[in-house]
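> Please see the structure below; I have some questions.
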Amino acid sequence: MGGKTNKILKGAFAGLVSAVLCLPLMAGCGGGAADYTNVIKLQDNQALLTNPDMGFNFTYYANTIYDFNNTLHPGDYLDDFPCDTVFFRIGWNWIEPEEGKFNWEFTDDIADEWIARGKNIAFCWVVTYPGDQSTPLWVKEAGAEGVQYAYTAESQTDGSVEYIMKPVMEDGTLGAGDQRFSNLPKDAQDYALNRGNRNDPAYNNGEEVTEGDYENYRGSWVVNYDDPVFLEKWENFLKAAGERYDDNPAVQFVEIGSFGDWGEGHNTNTRANSISQSTKRKHFELYLKYFENVQLMVNDDAIEGTELVSFTKENGIGLSDHSVQVPYAGGPAEGMTGNVAYASLYWRDLPVLLEHHNGTTFMETYYNAIVDCHATFARINCDPYVASLSEWKDMIARKLGYRLVFSEVRTTDIYAGAEVQIQFDMTNEGSAPCYAGGNPTFYLVDSLGRVHATAVSEFNVRDLSVADRGEEAESMTGTAVLQIPDALIDDDYYICVSVVRDENTSYNLPLDYQDGTRQRYQIATFTVGADE
């Protein structure tokens with residue numbers, strides 16, 4: 001090189017990496033044929049990361065238009081979680097109030113604000129919300145059959161009053177009750193009785209309903225899910241939704257919500273409306289017909305106890321579980337845990353989403369469920385400022401989805417013209433695989449950010465194993481070859497690392513010294529200069 005020397009600066013970034021001279025072939029220095037003379041130790045900086053196809057999503061609308069948007073401060077997009085997706089679970093009637101006349105702006109105007117900040121959106125269009133009309137009544141007027149429901153109050157032997165949701169019969173009387181109201185979350189009780197923060201003048205002028213006055217309790221007409229008129233109208237809606245959203249890269253996922261209470265695939269509150277396995281499959285097929293590109297998700301209650309697991313998996317439909325922390329009679333104080341048994345059938349190949357109970361905050365139960373179910377998505381299904389106070393919030397953020405961690409990079413001698421052999425150790429410290437995968441990539445970059453050499457490893461981060469709770473993630477090793485150019489001007493050059501999915505996508509890593517906004521991270525400095 002004509003009197004020039006090339007060297008790695010040792011300890012270039014204190015606290016992040018150290019380039020240590022290591023004797024050839026010694027333990028921890030690589031092994032094999034290569035002479036790994038440099039060892040770069042890396043450590044997780046504990047940053048709260050966002051990355052594609054994973055993370056927190058915030059329920060802006062929860063079945064109705066009342067929660068939880070009213071808790072969100074103006075101009076706050078929950079970066080501190082960090083929340084990457086805004087989620088709209090909204091009644092069909094709000095989006096198509098008249099047949100063929102769509103009010104997409106109802107959610108799109110809000111979505112645009114999040115998308116402008118680099119965030120994503122997700123949807124669940126709901127047909128049944130017990131206690132609030134969700135199917136547009138023009139479907140009923142078109143001839144679809146269904147059941148009308150109402151709440152009633154019944155005095156109990158202990159002097160208490162039990163509120164029960166019952167179907168309204170043709171003669172105006174009430175049929176057998178399906179759901180004892182005390183089993184519902186307090187928020188749902190307040191809503192149905194026009195109490196609390198969801199009072200609506202359209203129902204009994206916002207006053208609490210008196211005992212026995214069931215006609216003024218919130219009720220709803222629920223369509224029969226296999227009714228041919230309904231299915232025709234619903235398919236028209238999905239066709240329009242698919243045309244609008246299926247090719248939109250900002251749409252993170254769509255949850256299947258066209259049958260069952262709250263779109264969850266069960267009829268706990270509305271048992272008079274049966275849901276057969278064949279009906280469920282019809283609905284799945286309609287979503288698959290119009291959403292070929294967007295990730296679809298289905299609630300565990302829709303497939304549990306059926307033969308539809310194979311069908312959904314074969315068609316790439318992921319799993320949602322809305323039961324985490326939901327209280328139930330005789331259960332623990334912290335409520336239900338995640339459906340580990342069904343999550344185990346999906347998570348190795350498809351994402352799992354966990355939604356916690358809106359009457360509780362983030363807690364250890366939720367964290368454990370995320371780890372045990374190997375969750376990719378977690379839903380902020382409550383007041384986010386209450387949730388943010390939990391000590392578990394950051395722990396969840398660091399475990400949710402995938403977390404790609406380099407622990408050590410070893411190289412042979414680095415000098416102008418060298419063919420540098422690279423060996424690296426990686427783990428996935430998250431709860432779920434990186435389904436889309438990606439390749440560790442190394443760069444030689446000058447002080448102006450220009451790339452002079454690139455090495456793409458054949459190792460795919462999709463193959464990194466995921467640990468169960470209480471276990472350590474398994475480290476895996478990959479290699480790459482970085483060809484240094486023969487001619488380099490005097491300058492400081494950086495060895496950088498990245499994980500690249502495709503030409504448009506690289507992953508955020510828990511490392512400092514990011515090279516601009518390109519998800520390249522400086523791990524050592526290579527200097528070309530005059531002899532000292």
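> Suppose each label sits 7 Å from its Cα in the direction of the beta carbon; what would the ARG117-ASP35 distance come out to in nanometres?
5.4 nm
> Search the structure for amide H atoms under 5 Å from the amide H of THR360, placed 1.01 Å from N in the peptide plane, and list their residues when 5 or more places away or on another chain.
Counting only residues 5 or more places away or on other chains, the set is empty.
> Can you compute the FRET efficiency between ASP463 and ASP79 using 1/(1 + (r/R0)^6), with r the Cβ-Cβ distance and R0 = 35 Å? Round to the nearest 0.05. Please report the intermediate quantities before stating the final value.
Numbers: r = 31 Å, r/R0 = 0.90.
So, using R0 = 35 Å, E works out to roughly 0.65.
> Suppose R0 equals 25 Å; then what is the FRET efficiency for THR157 and THR268 from their Cβ-Cβ distance, rounded to the nearest 0.05? Could you put the intermediate results ahead of the total?
Values: r = 24 Å, r/R0 = 0.98.
Step by step, r from the Cβ atoms, then E = 0.55.
> Continuing with the same structure: Can you figure out the FRET efficiency of ALA250 with PHE106, using R₀ = 22 Å and their beta-carbon distance, to the nearest 0.05? Provide the component values of the computation, followed by the final result.
Values: r = 17 Å, r/R0 = 0.76.
Computed FRET efficiency for ALA250 and PHE106: 0.85.
> Provide the packing ranking of 105-111, 502-508, i.e. peptides ordered by the mean count of other C-beta atoms within 10 Å per residue, highest first.
Result, highest mean Cβ count within 10 Å first: 105-111, 502-508.
> Projecting each Cα onto the charge dipole of region 40-146 (Lys/Arg +1, Asp/Glu -1 at the beta carbon, about the Cα centre), which of ASN69, VAL86, GLY100 comes out farthest on the positive side?
Result: VAL86.
> Using the Cα centre as the reference, give the magnitude of the dipole from point charges on the C-beta atoms of region 276-339 (Lys, Arg: +1; Asp, Glu: -1; all else neutral), rounded to the nearest 20 debye.
For this selection, approximately 240 debye.
> Also: Treat each spin label as a single point 7 Å out from the Cα along the C-beta direction, and report the ASN70 to ASP171 distance in nm.
With each label placed 7 Å out from Cα toward Cβ, I get 4.0 nm.
> Can you divide the C-alpha Rg of region 47-108 by 2.2 N^0.38 Å and report the result to two decimal places?
Details: Rg = 14.0 Å, N = 62, 2.2 N^0.38 = 10.6 Å.
Taking N as the residue count of region 47-108, the ratio is 1.32.
> Which entries in LYS41/LYS399; LYS101/LYS399; LYS233/LYS313 show an alpha-carbon gap greater than 32 Å?
Beyond 32 Å between Cα atoms: LYS101/LYS399.
> Excluding same-chain residues fewer than 8 positions from LYS239, which aspartates and glutamates have a Cα within less than 15 Å of its Cα?
Cα-Cα hits under 15 Å: GLU96, GLU99, ASP247, GLU285, GLU292.
> For a 29 Å ceiling on Cα separation, which of these pairs sit above it: LYS166/LYS280; LYS280/LYS393; LYS140/LYS166; LYS140/LYS289?
Flagged as over cut-off: LYS280/LYS393.
> Given points 7 Å out from each Cα along the Cα-Cβ axis, report the GLU364 to ALA487 separation in nanometres with one decimal.
Result: 6.5 nm between the two label points.
Throughout, read-outs are computed from the coordinates displayed, never taken from laboratory work. All values reported here derive from a predicted model rather than from experimental measurement. As a convention, Cβ positions derive from the backbone with ideal geometry for all residues, glycine included, and neighbour counts pool all protein chains shown.
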